[in-house]
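Single-structure report; data block below.
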Amino acid sequence: MSAAEACREVAAAMNNDDLADAITALGPDSPLLPAVRDEIRRRLEAANTAATTPARKEPA
């Protein structure tokens with residue numbers, strides 16, 4: 001497993017509060033920073049998609 005893959009796994013396991021703390025605490029040279037940014041972006045896009053996609057109506 002590469003360092004980038006390990007960082008992605010760590011970021012994916014973080015809760016939202018941990019991600020917010022990480023984005024403010026990590027320095028620009030941190031290998032974890034890109035993974036944290038990507039995970040935040042992924043979660044925001046998923047939340048946006050869920051909020052803008054109409055719910056399917058099941059047939060009666």
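Only one of the numbered conditions (1) open to solvent by less than 30 Å² (accessible area, probe 1.4 Å); (2) touching a helix residue (DSSP H, G or I) at 6+ places or on another chain (Cβ under 6 Å); (3) hydrophobic (A, V, I, L, M, F, W, C) is violated by ILE40, and that is (1).
On the stretch given as the range 21-59, residues that are among the small types (Gly, Ala, Ser) and over 24 Å from SER2 (Cα atoms) total 5.
Considering only the range 46-58, I want to know if a residue exists there that is of a type in the set (Ser, Thr, Tyr) and either in contact with a Lys or Arg (Cβ under 6 Å, 6 or more places away or on another chain) or open to solvent by 100 Å² or more (accessible area, probe 1.4 Å) (or both). If you could, list the steps in order and put the result at the bottom.
Initial filter on the range 46-58 (of a type in the set (Ser, Thr, Tyr)): 49, 52-53.
Restricting the remaining residues to those that are either in contact with a Lys or Arg (Cβ under 6 Å, 6 or more places away or on another chain) or open to solvent by 100 Å² or more (accessible area, probe 1.4 Å) (or both) gives none.
No; the residues of the range 46-58 include none that is of a type in the set (Ser, Thr, Tyr) and either in contact with a Lys or Arg (Cβ under 6 Å, 6 or more places away or on another chain) or open to solvent by 100 Å² or more (accessible area, probe 1.4 Å) (or both).
For the structure I just gave you, tell me whether ALA6 is open to solvent by 80 Å² or more (accessible area, probe 1.4 Å), without any contact (Cβ under 8 Å) to a residue 12 or more places away in the chain and not polar (S, T, N, Q). Considered against the rule, which asks whether it is open to solvent by 80 Å² or more (accessible area, probe 1.4 Å), without any contact (Cβ under 8 Å) to a residue 12 or more places away in the chain and not polar (S, T, N, Q), ALA6 comes out as no.
The values are calculated or read from the model by the stated rules, or taken from the named source; none is laboratory data. In this text, all values refer to a predicted model and were calculated from it rather than measured experimentally. We place every Cβ from the backbone using ideal geometry, glycine too, and count neighbours over all the protein chains shown. In case anyone asks, the SASA skips ligands and DNA or RNA and just uses the protein heavy atoms, side chains included. Shrake-Rupley method; radii C 1.70, N 1.55, O 1.52, S 1.80 Å.
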